[in-house]
Amino acid sequence: MSYLQIRHLSARLVGAKDRLLRDVSLTVERGQVHGLVGESGAGKSMIGKAVLGILPQSVEIVEGSIELDGVDLLQLSAAERRRRIGAHCALIPQDPLTALNPSRRIGPQITDRLVQILGWDRTRAETRAVQILGEVQIEDAARVLRSYPHELSGGMRQRILIASAFAAEPKLIVADEPTTALDVTVQKQILKLIAQMQARHGTALLFVTHDLGVVSKVCRSLSVLYGGMVVEDTAVRPFFAGPQHPYARALLAATPKYTDPLASLQPVPDAVIAQVRQEVKASDKGWFHV
Amino acid sequence: MSDLFEVSDLRLSLPDMARKPLLGAAPRIDILKGLSFSIAKGEILGIVGGSGSGKSTLGRAMVRLLRPTGGTVRFDGLDITHLSEAEVRPLRRRFQMIFQDPMSSLNPRHRVGQIIGAPLRLHGVEGVQALALQALDQVGLPRDFARRYPQELSGGQRQRVGIARAIALKADFILADEIVSGLDVSSQAQVLNLLEALVMDLGLTLAFISHDLSVIRRLCTRVMVLHHGKIVENAPVDEVFSRPKSTYTQELLDAIPLPDPDQPWI
C-alpha cells in the first residue's frame, strides 16, 4: 500500500522555459524507507520540498500530482494543504546548527507545532515532548527543554530534531541529508537512531542523500535522479546487484568503497554524462506549457 | 629516500576563549599532544581522524600557519618550528596548501588567471602568465578558463583551480585539507585521479587530510590516524586496512557505510 504517490511531477522557475523537475513519478510505501539519490543539482531536495509544500516562491509546479494517502495535495486550497501536511508529515533537516532558532528555548520549538497546527493543549504537548526526547535517549529531558540550542552539542541537537519530527506521529517524514555534515562515527549513531524510530513508529521515510553507502543501509527502495529526471527507480537489492541505467551504474562505481579500492571511486565517464543529458533533452521534446 | 618533513614531539595549545575569565588569560587547551612522525620524499600521507581530532591543526602547524608551542618541525633538514613569518616566507614557495572550501579560498573578484598567478607574483617569478596557463593545462582545465571568475565554475573545476595555484610554484610539498569532502562523488573521483597523476609527474610529496578512510585508501601510500590530538596509528595503507592496530581505527572502519546491502552495519 502506497502512502505517498508522486505522478508526472514537473516544476520550473517561475517564467523560465526549462524544467527543474522533469516528469517525476515515485512511490513511498506505508512504513517503508525510500531513498532519493543524485548529485548536487539533481533535484532531490526539491522533491522533498514539493511534498512538504515548502518550495521557494520562485519555483512553480506546472504538472503532475502529489498524492498523500490518496488525496492530491495540489488540488487542495493552500490552507487545507498546510493543515494536511502539518498533521501527517514532518522534516528532519540537514543542518542541526541552523535548523533550531538560537534565541528560543528547545521546549517551545518542539511543542509549538503540536499546539498551533494540531490543536493540542500545552500540557499534553509538553508531556509528549518529554516522552519523545526519552525515546531518542536524551536523559534529563526537563533540563534540555529549558536549554537554548547553543548550550547543547551538535549530536544532541540532531537528536532533538529527530525527536521533534516524530513528536506528532507523522505518517511520512522527509529526511533531507540528515547526516551529511557529521563524521562517520556520529553518522552511524544518528542513522541507527532514525532507523530505530522509523521501525518503532511505522513511519514512511523519504530519505534524501547523495551517499549510496547510506542508502544501502537504511532504504528499502530508491530513485536515482539526474537533471530533475528519475533515471532509475528500483528496490535496494537489485540496484546494488547491478543498476540498469548506465548513469546509475557509473554513480555506484564512483562511490568510495575501501574494501575494493581499485574498482570504486571511478570517475563518471563523459560518454555516460552525454547520454543522460541527451535523455534529459529528449524528455523535454513534446513538453509544452505556457 | 630521505625525509622531507621530520616532526618530533609536536605540541600545540590554543587559548580557550569560551572559558576566558573577564580579567586575565584564557586557559589553554592542548590540541596536539606530542606528535612524532616523518614524511618521506614522494610519499602520499593520509591524515585521518574524527572532527576535533586535531588533523587540520596539525596541517597548519606543519606549513607554519600556526606556531607550535613545543617540539620541532624540520622541513628538508631545516628547523622551521620557531622561524618568524619573514624567515618562513622564502620557504613558502616550497610548501603550498589546497583548502577545503574552494568557494571561500578563491577570491570572487579575481579571474582564475590572476588567482593562479598571485603566488607567482608574490615570489617575484618571471613569466607569470605562461606559468599560470601551464598550471591550467596540468590540471586539465581549458586555457580560456583563465579569464573566468570562480563562481562561473563547478565545484570540481574550482577545486582544480586550487590545485593549479598550489602546483604553479613548483612546490615540493602540498598539504590538501579535506579537499574532496564538498564534492559530488563523480568529481571526487576525478580530483583524486588528478592528484595522483600530479604526484607522479611532478615528484610531489603530499599530505592529504580527510575524514574519509575510503578516499585515503584510494590515494595514499601511508595513513596516520589521529584521535584526541595523538597518533594512534601510523602505517602503510594496506596494513591499516587489513590489520588495524588501534581500536579507534577499527571503530572508524566499522562506521563507514559501504555501498553494499549485505554489510552488517546497523
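Rule-based calculations on the coordinates, nothing more; no lab input. Bear in mind that the values here come from a model prediction, so they are computed numbers and not experimental data. Cβ: placed from backbone, ideal geometry, glycine included. Neighbour counts: every protein chain shown.
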Exposure proxy check on A:SER264, B:SER8: fewest-to-most Cβ neighbours within 10 Å is B:SER8, A:SER264
Segment A:21-52 and segment B:66-142: distance between their alpha carbon centers, rounded to Å:
42
Could you pull the Rg and Dmax for the protein assembly as shown, using just the Cα atoms, both in Å?
25.5, 75
Between segment B:195-213 and segment A:220-269, the Cα center-to-center distance that results, in Å:
26
Trypsin sites (Lys or Arg not before Pro), loop per DSSP, at most 14 other Cβ atoms within 10 Å - longest free stretch of chain A:
A:105-284
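Under the rule a/c < 1.5 gives rounded, and otherwise a/b versus b/c splits prolate from oblate, where does segment A:219-258 land using the Cα gyration tensor?
Judged from the Cα gyration tensor, segment A:219-258 comes out oblate (a/c at least 1.5, b/c at or above a/b).
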Find the all-direction average of the projected area of the Cα convex hull for segment A:48-87, expressing the result in square nanometres with one decimal place.
2.9
Dipole axis of segment A:2-284 (+1 Lys, Arg; -1 Asp, Glu on Cβ), positive-most option in A:ALA254, A:VAL215, A:ALA90
A:ALA90
Taking a 18 Å limit on the Cα-Cα distance, which of the listed pairs B:LYS41/B:LYS170; B:LYS55/B:LYS230; A:LYS17/A:LYS285; A:LYS188/A:LYS217; A:LYS192/B:LYS55; A:LYS188/A:LYS257 fall beyond it?
A:LYS192/B:LYS55
Tell me, A:HIS88, B:HIS110 in order of fewest to most beta-carbon neighbours within 10 Å?
B:HIS110, A:HIS88
Report the residue, chosen from B:ALA26, B:ALA130, B:ALA164, that carries the largest GNM mean-square fluctuation when chain B is represented by alpha-carbon nodes joined by springs under 10 Å.
B:ALA26
For segment A:1-121, just say rounded, prolate or oblate: build the C-alpha gyration tensor, square-root its eigenvalues into a ≥ b ≥ c, call rounded for a/c under 1.5, and beyond that prolate if a/b exceeds b/c, oblate if not.
prolate
Run the numbers on chain B and let me know its relative contact order in percent, using alpha-carbon pairs under 8 Å that are six or more apart.
23
Within the protein assembly as shown, helix-based [θ] at 222 nm, where runs of 4 or more DSSP H residues each add -39,500 (n - 2.57), nearest 500:
-11500 deg cm²/dmol
Gaussian network model of chain A, Cα within-10 Å springs - most flexible of A:ALA167, A:ALA16, A:ALA204:
A:ALA16
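Run the dipole for segment A:2-284 about the Cα centre, Lys and Arg Cβ at +1, Asp and Glu Cβ at -1, nothing else charged, and hand back the magnitude in debye, nearest 20.
500
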Let's see if you can work this out: charge +1 on each Lys and Arg Cβ, -1 on each Asp and Glu Cβ, no other charges. What is the dipole magnitude of segment A:1-79 about its Cα centre, in debye to the nearest 20?
180
0 to 90° range, to nearest 10: angle between helix A:106-116 axis and chain A longest Cα axis
80
Given Cβ charges of +1 for Lys and Arg and -1 for Asp and Glu, the option among A:THR203, A:PRO178, A:PHE166 whose Cα lies farthest towards the positive end of the dipole of segment A:2-284 is A:PHE166
Counting Lys and Arg as +1 and Asp and Glu as -1, each charge on the Cβ, what is the dipole of the protein assembly as shown about the Cα centre in debye, to the nearest 20?
1160
Most mobile of A:SER216, A:SER147, A:SER103 in a GNM of chain A (Cα contacts under 10 Å)
A:SER103
How compact and how long is chain A, expressed as Rg and Dmax of its alpha-carbon atoms in Å?
19.7, 61
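Based only on Cα atoms, what mean projected area does the convex hull of segment B:126-266 have, in nm²?
Convex hull of Cα atoms, orientation-averaged projection: 10.7 nm².
Can you list the equivalent-ellipsoid semi-axes of chain B, largest first and in whole Å, using the square root of 5 times each Cα gyration tensor eigenvalue? Each step should come with its number before you reach the end.
Details: eigenvalues 173, 126, 71 Å².
The three semi-axes for chain B are 29, 25, 19 Å.
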